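Below is one structure, written out as structure tokens; the observations come after it.
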Amino acid sequence: MSQSRIIGAVDIGAASVTVLVGDIVNGRSLNIIGKQDATSEGVKKGEIVDFKAVSNATHAAIMGAEKSAGAQIDSIYLTQTGSHLEGFYNSAAVNVSSSDSRVSEADIARAMSEAKAKKLSDDRLYIHHIRSHFLLDNRVSADPLGMQGEKLEVGYWSIHGDERKVRDHIHVINGFGLNVEDIILSSIASGTVIATEEEKRAGVMVIDMGAGVTDWAIYQNGIVARTGVLPVGSDHITNDLALGLRVNRKYAKKLKTSFGKAVLEQDDRQEKVWMVGDQMIGDRRIPKQSLIQIVRERVEEIYDLVKRQAGELCHEKFLPAGVVLTGGGSHLDQIDLAGEKILGVPIRRGELPSWVHDNLQRHEYTSALGLLHFALSGQSLDDSALQRKQRGLLRRVTQLFVN
Amino acid sequence: MAKKKSSKSNAPSTWRSIQQSFTGRAVTSHARKRRWMINLKFLGAVLGLAVLGGAIWGGVQYLQSDSFARLMAGGSAPVRNVYLESDGVLDEQWLNARIDMPEHIELMAIDIESIQRDLSSDGQVRAVLVERVFPDALRIRVTERQPVLRVVLQDASGRKFLRLISNEGVVYAGKRYPADTIRSLPYASGVTLRRKANGEYFPVDGIQDVSAFLQHARSLMPERVENWKTVSLADFDPKGASMSSRLAVTTTQGYSIIFAPDELDEQFARLNVILERLESQRQRVDHIDLSMQDAVVKLADSGTRGPVRFR
Amino acid sequence: MSELSGKSFRSDLNSEGVRVKIIGVGGAGTNAVDRIQMMPQEQINLAAVNTDAQALESSPIGEKLMIGKSVTRGLSTGGDVEIGQTAAEKDETKLRQMVDGQDLIFIVAGLGGGTGSGAAPVISRLASEQGALVIAFVTLPFTFEGARHHEVAENALVAMRSHCDAVIPLPNDLLLQQMDESATVLDAFAQADAWISRGIQSICAMLTQTGLINLDFAMLRKVFEGRGGKTLFGLGRGEGDDFMQEALNDLALCPLLHTPGFAKRADSLLVNIIGGTDLGISHVNQIMTAIAEKFGSKEQIVLGAVVDESCQNTVEICVIGATHVTGYRPERKVRRTAPRIDIAPEPRPSVTKKTPDDELFDTVETKPKPLVHESKLGKKRQPELEIDQEEFTFVSEDEQRGFFENTERNIFDGEDLDVPTYLRRGVRITL
């Protein structure tokens, strides 16, 4: 009998809540059987500001997704973002213990646990520990077990977040009666599907421009090397337009999607556009130049801030594959061009892999698709996966009785 | 709002240390609705299973109860026909004598099993199958035993009974056989019958071989076999292990023929030759022994002359 | 504008029984009051308060008060708020005399400096304690002036809000947007002064001039009943043939009004219209309809219409509104109205009310509470004020954050990223 696991991928963004339902058959193949978007409420800059509203919107979306899938979701994979997330790189080195200088499993385990042992303050929680390659006497080694050497070194890019915010996030799902099987950073979820393996090996930066936040991740040697969250997204562009052009948010959004552009060109200087478009009373003409100026300032600042956050890794030298853009914000006209002169590397809009069905080929779905990819591969980002499996089973059993 | 969970463990806390529970503050109407649906489904499934289980148990109970039979009887037509199909000689007369079926009985009210039991207790019946043919008939299929030998028994009071022995060695009182059939059967002699507690006899071993022997003989020389009066199993070893296993046949002419159980074709051929020779010489014979390498014939009236050896 | 304002102040306020005083605090405040001073008017009392004797000396204002002689020895505070505050506290008696007996007091100050940020809250408190209706016009520093100025201004604004009946903040960033491309920073300051004058004149005109629809002081008081909320302020002016439409358009584009949060949340609104004899009741009605459409129901609007013969073919609309509610949590309203201590001394029961949302609310609070003033308040008032300050922490910049108000501050290298980039970079947007 074939065994199928129904997974819900939930991406709670500032603009919308996206739920994809995947059916994982025998742990080998993935069918996306359901999908639902709901307008998000109560999320700003990637963080929950109104718990009740977020719960309502999210639960409605999951309900809808379950309905469209015609199946009941077993567990949830969730994206996590927000400016409270921080990361640091920590490495540890151990001396190879055995007399013949061969690396044993115990050595590896010791190095790994030491590199992850850094205590956080009480209100912080680790989200991921992403391991970089082992270094055996300063030589890179993917699997040092049994190799000869003296000093074994390993490093982790560890991401941690505010306990309360992560808890809120999880409790939104718990409130629906489902458990969160895994949390994946938005930038990593997006990066998984939007950048190819070759690009990740060569070195690439993924920028996921959402409504509330801009998530980015840099891949080196096929592994996530750095991640970051900039709490500025396309909502900010809308807000800037609303304030700058003195229009309400609705029209600001409309103006952004129809005329918004990240680069000011000669032709735009004289042109004027209608605010509403029906040219009735209350409608007025807005200089396109002003509109674009406001957008451009913000977009350029976003790139600039990402560059500052990423530091030295955001350099041509480390990013031969350039920058891949995704997320709802990447639809903005010429947003790729606007960044090139700031980041100094080629920027392109990402393309989702071909296995993704046409009606899911949207940059808004990148993160959720990435979650399903993780669910299928069954691999967790960190080494604590084993521990989780046991918990999962236990939980399922206890759940049976609770029901 | 700092949590005091650092005391719990020394390991750095990860998000997995967050308690996940349904009783969060985030329970929305959607969640409640879904919970309800799940609980309802669960309850439904449990109830469904319970009902199903109960139904099966109850059904079994009911099927076994009298009220069910009565109900079913009320639901079917009275029996109008009883068809008897037999591969032998048993007929309706036998059936009527054997079973007593009330008139106007409903088809479903008939206890098929007891009829089956009853009929198969007759030694002549090898197998019986009783079927209801809806709406109003009963079909009884009987497979009969084939008689091979007959035997006369005498009980303690000195009364004599004729019994038949079937292919399988079962001893039974034959019914409804035509007289010719019975007459054509040789008597069995030299057989020790042992009684069971219920008055029946234990089956006789080796009848299958005897049957095959007779059949073989009949197929080769039917007119001679008609004269065979008895077949003696006194020296016959049913297991075929003993070299001295013999079948002795006594004919109506008064002489006896002794066969070894194997290489019958040769023995029958020789018998034919001997008998034809004797008939042509008009000599009467006392016995013919075919069980040896060479047949031994003893003539009846030549008391002085020794046995003649045919080659 | 000058002839209009000249007329506005001609009537005798005293005969109406309303005594009005305009107090400029600090350098910027004094300069702003100077501009009003330069127009011919007698009945309004003007006063200047400064720590800098030299600057005070050069001002043409009649009533001048040098404070903090013992602290600064007649020099400026050097941008130190503490000094400005101490100076005002040292001369509390003199200041009290200055505000004594007034019905309506305007306080004009530039926040971000030492005297303005330090002394203005103290003067507001004293004025308010005297029972006057206190309306403050304060300018907020440019973003490029740096994070420190901003913080000072913010803290001062929070303090002002708790003492004044209305505080109208004028962010310099926004004012710059209203000007020509060639405008300098000095022009921007002058622009701020002009806005302040127009605002004050408009309020005074409502009280003093007769017109189509008259307002009295009691109604004005009523508008600002809920203390501590945000105040919105906007002006629109139209001239020529189509003066009506022009004025409405001008008002719609007024940058001060255009912080989207405001538009829906004015709880009470004061609208004053000044026009010539050709201003008919139908025009007033047209304006009312337009404003009601933008700000909500007509019930909330208190309307005044003044006829000025010299204003043919022009109309000036002034909108002042008070919000008692900010953010998404309506229960704040309860607490916000509570600290009206000087008018109603007995504590309101609602102050102690804790709502279940308090916990959620705490999540927003991450910055340290401003240290202003707690030490100088009457002891019995302290608990109420604490609640207040917690709520006001982020209020001041919220005006420029729009959609993102009530979220955590988004500070990166001292800049609030939620404030539009073009504003922070000083990019002028033409409309």
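List of remarks:
- In summary, A:Val206 fulfils each of the numbered conditions (1) more than 11 Å from chain C (Cβ to nearest Cβ); (2) touching a strand residue (DSSP E or B) at 6+ places or on another chain (Cβ under 7 Å); (3) farther than 18 Å from A:Ser330 by Cβ with the single exception of condition (3).
- Neighbours by Cβ (under 7 Å, 6+ apart or cross-chain): first from segment C:152-175, among the basic types (Lys, Arg); second in a strand (DSSP E or B) and surrounded by 23 or more Cβ atoms within 10 Å (Cβ to Cβ): C:Arg161/C:Val167
- Evaluation of B:Ala73 against the conditions (1) at pLDDT 75 or above; (2) in contact with an Asp or Glu (Cβ under 6 Å, 6 or more places away or on another chain) shows that the sole unmet condition is (1).
- The set of residues in segment C:407-417 being within 7 Å of chain A (Cβ to nearest Cβ) and either assigned to a loop (DSSP other than H, G, I, E, B) or of a type outside the set (A, V, I, L, M, F, W, C) (or both) consists of C:Thr407, C:Asn410, C:Leu417.
- Inspection of segment C:56-76 finds no residue satisfying the criterion of being part of a helix (DSSP H, G or I) and within 21 Å of C:His150 (Cα to Cα).
- Pairs meeting the criteria (first residue in segment A:131-145 and outside the structural domain of A:Ser104 (by TED's automatic domain parsing), second residue β-branched (Val, Ile, Thr) and surrounded by 15 or more Cβ atoms within 10 Å (Cβ to Cβ), beta carbons under 6 Å, at least 6 apart or on different chains) are lacking.
- Entry remark, segment A:124-167: residues being within 14 Å of another protein chain (Cβ to nearest Cβ) and more than 30 Å from B:Ser21 (Cα to Cα) number 1 in total.
- Filter result (in contact (Cβ under 8 Å) with a residue 24 or more places away in the chain and touching a strand residue (DSSP E or B) at 6+ places or on another chain (Cβ under 9 Å)) within segment A:30-44: A:Leu30, A:Ile32, A:Ile33, A:Gly34, A:Lys35, A:Gln36, A:Asp37, A:Ala38, A:Thr39, A:Ser40, A:Val43
- Any hit, segment A:219-231, residues being within 14 Å of another protein chain (Cβ to nearest Cβ), surrounded by fewer than 23 Cβ atoms within 10 Å (Cβ to Cβ) and under 23 Å from the mean Cα position of the chain (by Cα): no
- Residues located in segment A:246-259, provided they are within 19 Å of A:Gln334 (Cβ to Cβ) and in contact with a His (Cβ under 9 Å, 6 or more places away or on another chain): A:Thr257
- Any hit, segment C:101-114, residues being under 26 Å from C:Leu133 (Cβ atoms) and either part of a helix (DSSP H, G or I) or over 23 Å from the mean Cα position of the chain (by Cα) (or both): no
- Qualifying residues in segment A:114-123 (those that are in contact with a strand residue (DSSP E or B) (Cβ under 9 Å, 6 or more places away or on another chain) and facing chain B (nearest Cβ under 9 Å)) - the one farthest from A:Ala142 (Cα to Cα): A:Asp123
- Scope segment A:237-272; condition within 7 Å of chain C (Cβ to nearest Cβ) and farther than 14 Å from C:Ile429 by Cα; matching residues: A:Asn239, A:Asn248, A:Arg249
- Taken over segment A:1-22, the criterion of being modelled with pLDDT under 90 and part of a strand (DSSP E or B) is satisfied by A:Ser4, A:Arg5.
- C:Ala156 vs. criteria assigned to a helix (DSSP H, G or I), at pLDDT 85 or above and either crowded, with 23+ Cβ neighbours inside 10 Å or touching a strand residue (DSSP E or B) at 6+ places or on another chain (Cβ under 8 Å) (or both): yes
- Flag if B:Leu119 is within 26 Å of B:Asp209 (Cα to Cα) and either at pLDDT 80 or above or in a loop (DSSP other than H, G, I, E, B) (or both): no
The values are calculated or read from the model by the stated rules, or taken from the named source; none is laboratory data. It should be emphasised that the depicted structure is a prediction, and the values quoted were computed from it without experimental measurement. With ideal geometry, Cβ positions are generated from the backbone for all residues, glycine too; neighbour counts draw on all protein chains shown.
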